[in-house]
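Participant: Below is a structure I'd like to ask you about.
Values in this text are rule-based calculations from the coordinates and carry no lab data. Computed from a prediction, not measured in an experiment: that's the story for all the values here. In this analysis, Cβ positions are derived from the backbone assuming ideal geometry, glycine residues included, and neighbour counts consider all displayed protein chains.
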Amino acid sequence: MASIALHTRLRAGKEEEYEAVHAVIPPELDEALRAAGVHSWRIWRDGLDLFHLVEVDDYRKMRAYLRDHPANVPWQARMAELLEVEDDYSGQDDGLHLVWRLP
């Protein structure tokens, strides 16, 4: 299992709306995330900056699985309204580069 850190950024003024949308995740999206190998997904917010920690079996496979999934497509469209840069699921990224950790 991999721990993947991500950074996204909200559009100014969308902080409360973003948190309200995340107060209840649609059950079909929850099911899709779990089917894609996600064990945990946590998000912290500092102003407009969002920091995600994803515990997942295989991050790239998860992204490929969710790219066109019928539960994820409308969710990503909704997120695109709130984020400065929308995620089009086209990249082969591996999240943020780990610089250091306490052994």
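The rows are residues; the columns are (1) outside any strand (DSSP E or B); (2) within 15 Å of residue 6 (Cβ to Cβ); (3) of a type in the set (Val, Ile, Thr).
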{"position": "18", "(1), (2), (3)": "yes, yes, no"}
{"position": "29", "(1), (2), (3)": "yes, no, no"}
{"position": "32", "(1), (2), (3)": "yes, no, no"}
{"position": "45", "(1), (2), (3)": "no, yes, no"}
{"position": "50", "(1), (2), (3)": "no, yes, no"}
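Participant: Another one. Return the only residue of 63, 101 being among the basic types (Lys, Arg), outside any helix (DSSP H, G or I) and closer than 20 Å to residue 39 by Cβ.
Facilitator: Just one listed residue meets the conditions, 101.
Participant: Separate question: Please work out if residue 89 is surrounded by 14 or more Cβ atoms within 10 Å (Cβ to Cβ), assigned to a loop (DSSP other than H, G, I, E, B) and of a type in the set (Phe, Trp, Tyr).
Facilitator: Taking the combined requirement at face value, the residue satisfies it.
Participant: So which pairs qualify, if the first residue must be in the stretch 67-87 and among the basic types (Lys, Arg), the second must be surrounded by 12 or more Cβ atoms within 10 Å (Cβ to Cβ) and assigned to a loop (DSSP other than H, G, I, E, B), the Cβ gap must be under 7 Å, and the two must be at least 6 apart or on different chains?
Facilitator: As it stands, the answer is 67/89, since those pairs meet every condition given.
Participant: Right, another one. Applying the selection to the stretch 42-70, what residues are crowded, with 17+ Cβ neighbours inside 10 Å and under 17 Å from residue 22 (Cβ atoms)?
Facilitator: Hits for the stretch 42-70 are 50, 54, 66.
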